[in-house]
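Here the structure comes first, spelled out in structure tokens, and everything after it is commentary.
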Amino acid sequence: MPGRRKPRMTKGLNKLHVGLALSIVLFLVLGFWLVKPKLPDLPANLSFSADVDGTKAWKELLATKQSAVKEWRLDWKHLPSGTSMLLVAIQPSAVTKSDREHLLTWVQAGNDAIIFDRDPQGWASWETVQVDGAKDRQDETVETDAQNNQTKQDIADETDTKNNQTKQDTTASTIRVSAGYASAEGTLTGKVDTTYRIQPGGSGLALFEDERGVLASRAQEGAGSITMVLTPTWLQNGTIDEASHFELIWPLFAKSWDAVWVDETHHGYGTKPGLLAVYPAWLVLASVQLGLALLLWLWLRGKRFGPIHTPRAWTVRRGDEGVHAVAAWYERLGYRREALAQQQLFLRQLLYQRWGLSPSASALQAAEAARGRMSEAHAAQLVRLLAEPPAESGGVSTAAFVQRTREMGEMIAYLEKE
């Protein structure tokens, strides 16, 4: 029966729709799984990296306490002029002697710098010494295992295992802070992964240290200061909240600065200065003055600046353009007698409209009609204009044409006023 076939068709359409939807979902899932985008593996200690080894969390927290926190991506010789600013460099690489000299000059002018570096080299204010650590003991263990006639593969596997266990089992060291540095109560601890310590003495003031030596020191340079910290990993996103890392590094930024610059130049993200910054200020000023003088000279020479306006008469067609064109042809071909005939015809049509005088009336008939309507002088002029122009050997002369045209215009104007 017809009533039983309809549910079967509906059931078939439902299966088709479900199968199509499942196919689309499966296609999208497989496509995403096969071509799933991978996040870029950024280098460590970047202030804009949210990886575990980045420092974005510290930077965002610092931005809530300081008026301006920005990235610095130029060479240190281009550090901004002014005072009351801070430059933070976290494990910088390829710091040259020239960079250190420029930074020292900038600090002496009244700015501060905080350097986080596991192995600082070449800084005049500090000398570092290497102390025994877990890394040395691991090397000794590897050498001992090599002497026991183990294969190279076994040595590599065992060394990797010991390194992983050492990394996982690293215990926090007790950190002692100087008087007035940190207000945190209780024992402060930190996981120290560097084998270097700042040698005591000199012009630096120790801020905190462990049982093996000084980990942070501050030296006054002119009107500013440079602080050296040997634990850059304490700033990283994955370790800043471990042990007492935050309590130990946060007092370094307790001072208020007009601007805080986080160095990214020595992480491989440096940029070159703009075109104007490359040249000295005196050359830029002289170039600007020369350009202004050139513009003034062009203005005085009458050069136009801005759009040029075309006169309307050059683009708009005149209403009497046809009349002017016909007149030009009459003048070029010498049709003066024909032009006078056209004027005379117009005068006769005007007399017909005013006085009812037939256009074919003679001059005498026009004179009779003019009596009592105009003076004798105007009547005589009307008779003369309605007569044929005098014949000449070369046609109507220019003077005669101009004179007769003027009189014709005066007569037409007189009749139109009546």
- request: Take the stretch 83-100 and flag every residue that is more than 14 Å from Ala113 (Cα to Cα) and not in a loop (DSSP other than H, G, I, E, B).
  value: Lys97, Ser98
task: Look through Leu283, Leu350 and report the one residue that is free of Cβ contacts under 8 Å to residues at least 12 places away in the same chain and open to solvent by less than 70 Å² (accessible area, probe 1.4 Å).
output: Leu283
Residue list for the stretch 36-77, restricted to those being outside any loop (DSSP other than H, G, I, E, B), in contact (Cβ under 8 Å) with a residue 24 or more places away in the chain and either open to solvent by less than 40 Å² (accessible area, probe 1.4 Å) or of a type outside the set (A, V, I, L, M) (or both): Lys56, Trp58, Lys59, Leu62, Val69, Lys70, Glu71, Trp72, Trp76, Lys77
Hey, Thr233 under 45 Å from the mean Cα position of the chain (by Cα), among the β-branched types (Val, Ile, Thr) and either assigned to a strand (DSSP E or B) or buried (at least 22 other Cβ atoms within 10 Å of the Cβ) (or both) or not: yes
Residue in the stretch 386-400 that is among the hydrophobic types (A, V, I, L, M, F, W, C) and touching a Phe, Trp or Tyr at 6+ places or on another chain (Cβ under 6 Å) present: no
query: Listed residues Ile240, Ile198; which is among the β-branched types (Val, Ile, Thr), buried (at least 22 other Cβ atoms within 10 Å of the Cβ), in the same structural domain as Trp106 (by the TED database) and in contact with a Ser or Thr (Cβ under 9 Å, 6 or more places away or on another chain)?
result: Ile198
message: Which pairs turn up if I take residues in the stretch 363-380 that are loosely packed, with under 15 Cβ neighbours inside 10 Å and look for partners that are modelled with pLDDT under 85 and charged (D, E, K, R) with beta carbon separation below 9 Å, at least 6 apart in sequence or on another chain?
response: Arg373/Glu418
message: For the condition open to solvent by less than 90 Å² (accessible area, probe 1.4 Å), modelled with pLDDT under 85 and assigned by the TED database to the domain that holds Glu407, what is the one hit in Ala341, Ala387?
response: Ala387
- request: Consider Pro80 carefully, then state whether it is of a type outside the set (Asp, Glu), in a loop (DSSP other than H, G, I, E, B) and at pLDDT 80 or above.
  value: yes
field: Per-region count, the stretch 251-265, residues within 37 Å of the chain's Cα centre (by Cα) and either in a loop (DSSP other than H, G, I, E, B) or closer than 24 Å to Pro200 by Cβ (or both)
entry: 7
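The values are calculated or read from the model by the stated rules, or taken from the named source; none is laboratory data. Since this is a predicted model, take the numbers as computed values, not measurements. A quick note on method: Cβ atoms are made from the backbone with ideal geometry, for glycine too, and the neighbour counts reach across all protein chains shown. We work out accessible area using only protein heavy atoms, side chains counted, and drop any ligands, DNA or RNA first. Shrake-Rupley method; radii C 1.70, N 1.55, O 1.52, S 1.80 Å.
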